[in-house]
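Accompanying notes for the structure given below.
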Amino acid sequence: MATTGAVWRTGHVLYKHSSHLHQATRRFSESGDKGWFRSLFVHKVDARKDAHSNLLSKKEISNLYKIQFHNVKPECLDAYNSLQAEVQNSLHHDQDYPCELVGSWNTWYGEQDQAVHLWRYRGGYPALTECLQKLRTNKEYLEFRKERAKMLLSRRNQLLLEFSFWNEPLPRQGPNIYEMRSYSLKPGTMIEWGNRWARAIKYRQENDEAVGGFFTQIGDLYVVHHLWAYESLQSREETRNSAWQKEGWDVNVYYTVPLIRNLESRIMIPTKSSPLQ
């Protein structure tokens with residue numbers, strides 16, 4: 001009988017717990033967007049009357065960036081790097097083309113046999129348009145594209161703006177490894193992401209690891225790329241761990257993680273032609 005009583009009491013507790021849970025769930029469903037459960041994950045932000053690109057990007061300059069992801073046939077990677085470097089150097093130093101190479105890498109950890117290139121167009125969309133129009137009539141460049149196509153499995157690109165609170169990516173001496181952390185955010189959360197990282201970036205500046213921060217305008221939307229430089233994988237681990245010792249970093253992580261739909265990390269090695277070494 002004692003055993004039966006214990007089971008009955010346990011069942012009674014479970015029944016009461018289930019009843020409370022049902023009531024809480026009903027209250028949540030009745031209150032809609034104002035429910036207590038939603039408040040755990042979504043922080044309200046004030047309504048804005050301007051595009052987030054205008055609110056988050058650097059207004060004193062009109063830089064537009066293009067990032068390219070090229071998946072190369074494994075047997076062609078060396079030949080691809082040599083061919084790409086020749087054309088990149090030519091465009092980078094030609095004053096008739098309003099574009100400059102920011103960085104060029106091969107992915108070390110992440111998607112294998114992948115090349116990543118980051119370009120800057122000083123002057124925004126007009127500079128991009130001018131450059132594309134000139135390349136369409138450049139016979140050497142058109143021949144390069146035909147030769148490059150033989151080496152590729154796939155390619156994609158995105159147009160980006162840079163966050164106002166990040167460093168502008170400038171050439172740096174090496175050797176370094178680079179990490180590109182790419183975040184796919186929930187639609188409508190870019191402003192909150194920017195507000196949080198405008199405070200948080202100060203925790204990641206001491207070792208000069210912050211290279212650049214960007215958000216997409218064309219391509220996969222609501223995507224953010226953070227670019228970091230480290231001396232080694234061990235240096236990366238130590239630098240990232242040190243951020244957790246600073247008061248306030250944990251708060252940034254707490255409020256930004258719920259905004260993320262997907263996260264990808266690439267460890268990349270600069271090519272010989274990359275201004276970021």
Applying 1/(1 + (r/R0)^6) with R0 = 22 Å to the Cβ-Cβ distance of GLN245 and SER164, what FRET efficiency is obtained, to the nearest 0.05?
-> 0.20
If packing is taken as the mean number of other Cβ atoms within 10 Å per residue, what is the order of 146-152, 114-120, highest first?
-> 114-120, 146-152
Arranged from highest to lowest average of other beta-carbon atoms within 10 Å per residue, in what order do the peptides 172-184, 203-215, 82-94 appear?
-> 203-215, 172-184, 82-94
If you project the alpha carbons of the range 74-163 onto the principal axes, what extent comes out on each, in Å, largest first?
-> 36, 36, 20
Would you calculate the volume per residue, in Å³, of the smallest convex hull containing every Cα atom of the range 52-270?
-> 125
Lys and Arg at +1, Asp and Glu at -1: add these up for the other residues within a Cβ distance under 14 Å of GLN95 and post the number.
-> -2
Given Cβ charges of +1 for Lys and Arg and -1 for Asp and Glu, the option among ASN262, ALA210, PRO171 whose Cα lies farthest towards the positive end of the dipole of the range 52-270 is ASN262
Extension gain (nm, one decimal) between TYR254 and ARG172, 0.36 nm per residue minus Cα-Cα | 26.3 nm
Extension gain GLN112-GLU237, at 0.36 nm per residue separation less the Cα-Cα distance, in nm?
-> 42.8 nm
HN-Hα couplings for the range 137-150 via Karplus (6.51, -1.76, 1.60; θ = phi - 60°), in whole Hz with x for Gly/Pro, come out as 10, 8, 4, 5, 5, 5, 5, 4, 4, 5, 5, 5, 4, 5
Exceeding the 26 Å Cα-Cα cut-off - candidates LYS66/LYS134; LYS186/LYS272; LYS150/LYS272; LYS66/LYS146; LYS202/LYS272 = LYS186/LYS272; LYS202/LYS272
Local charge sum around LEU185 (other residues, Cβ-Cβ under 10 Å, Lys/Arg +1, Asp/Glu -1)?
-> +1
So, in Å, what gap is there between the alpha-carbon centers of the range 135-159 and the range 210-225?
-> 23
Pair LEU142, ASN207: separation of 7 Å Cα→Cβ label points (nm) = 4.9
In nanometres, the difference between 0.36 nm per residue of separation and the alpha-carbon distance of GLU75 and SER184 is 36.1 nm
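All of the numbers you see were taken from the coordinates with simple rules; none came from a lab. As the structure is a computational prediction, the values presented were derived from the model and not from experiment. Reconstructed Cβ throughout: ideal geometry from the backbone, glycine too, with neighbour counts over all protein chains shown.
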